[in-house]
1. Consider region 76-93. How many of its residues are free of Cβ contacts under 8 Å to residues at least 24 places away in the same chain, assigned to a helix (DSSP H, G or I) and more than 6 Å from the ligand (Cβ to nearest atom)?
2. Would you confirm whether or not region 58-73 contains a residue that is farther than 30 Å from residue 108 by Cβ, in a helix (DSSP H, G or I) and modelled with pLDDT of 75 or more?
3. Answer yes or no as to whether residue 119 is in contact with a helix residue (DSSP H, G or I) (Cβ under 8 Å, 6 or more places away or on another chain) and either within 8 Å of the ligand (Cβ to nearest atom) or on the phi > 0 side of the Ramachandran plot (or both).
4. Quick check, is residue 61 surrounded by fewer than 16 Cβ atoms within 10 Å (Cβ to Cβ) and among the aliphatic types (A, V, I, L, M)?
5. Find all pairs meeting these conditions: Cβ atoms under 7 angstrom apart; at least six residues apart or on different chains; first residue within region 120-145 and in a helix (DSSP H, G or I); second residue of a type in the set (S, T, N, Q) and near the ligand (Cβ under 10 Å from one of its atoms).
6. Which of the residues that make up region 94-106 are within 10 Å of the ligand (Cβ to nearest atom) and exposed (fewer than 13 other Cβ atoms within 10 Å of the Cβ)?
Amino acid sequence: MYFKNSVAAIIIIFAAIIGTKAFFSDLIHVSYNDNLTVVERIKPLGQVYLAGDIDVNTVKAPVKTAAKARSGEEVYTASCSSCHSVGVMGAPKFANKADWAPRVKRGISDLVKVAISGVGAMPPKGTCMDCSDSEIKAAIEHMIK
Ligand code: HEC
């Protein structure tokens, strides 16, 4: 009985030693192989160019294409004419002196301000949400002609 137990113990100890060795030698093996690619794996994502490395005069700056401002007529036709051509809900009509005269008296900059914020049934920016302030102004100038 005592003998049987010690044989079992020895077998277990051997299995453990062989298993541990196999385990670690496998790790060592893997890391050895990986060392060959370590430079590739840890290289930085970008590279720093120092002064003089490249001739900056040969590098073209990205061309910035500023969106061309639409004309007052374009903005009016696209966004304002639906209401202002016929005077929907009391909108001052296109080029109608009687409708515009009292408003023009307040000054163009005030009209621009009101058109941007909206008033009553007049929606903010006259629904032209991507219009710049100057495009709104151009559209108003086109309407009050
Ligand atoms: C949905 C209809 C509608 C659209 C679209 C619209 N308007 Fe108007 N607008 C109105 C109405 C209604 C009024 C009158 C508001 C009031 O006086 O109460 C008005 C008034 C104005 C006024 C006079 C504001 C004032 O202070 O008296 C300006 C300027 C104006 N609109 C500019 C524009 C411009 C520019 C656009 C297009 C970019 C535009 N509107 C699009 C309905 C519209």
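The values are calculated or read from the model by the stated rules, or taken from the named source; none is laboratory data. A quick note: this is a predicted structure, and the numbers were derived from the prediction, not measured. Positions of Cβ are backbone-derived with ideal geometry, glycine not excepted, and every protein chain shown enters the neighbour counts.
1. Total meeting the criteria: 2.
2. yes
3. Details: in contact with a helix residue (DSSP H, G or I) (Cβ under 8 Å, 6 or more places away or on another chain): no; either within 8 Å of the ligand (Cβ to nearest atom) or on the phi > 0 side of the Ramachandran plot (or both): yes.
In short, no.
4. Details: surrounded by fewer than 16 Cβ atoms within 10 Å (Cβ to Cβ): yes; among the aliphatic types (A, V, I, L, M): yes.
So residue 61 fits the description; yes.
5. 124/117; 126/79; 127/79
6. Passing the criteria: 102, 106.
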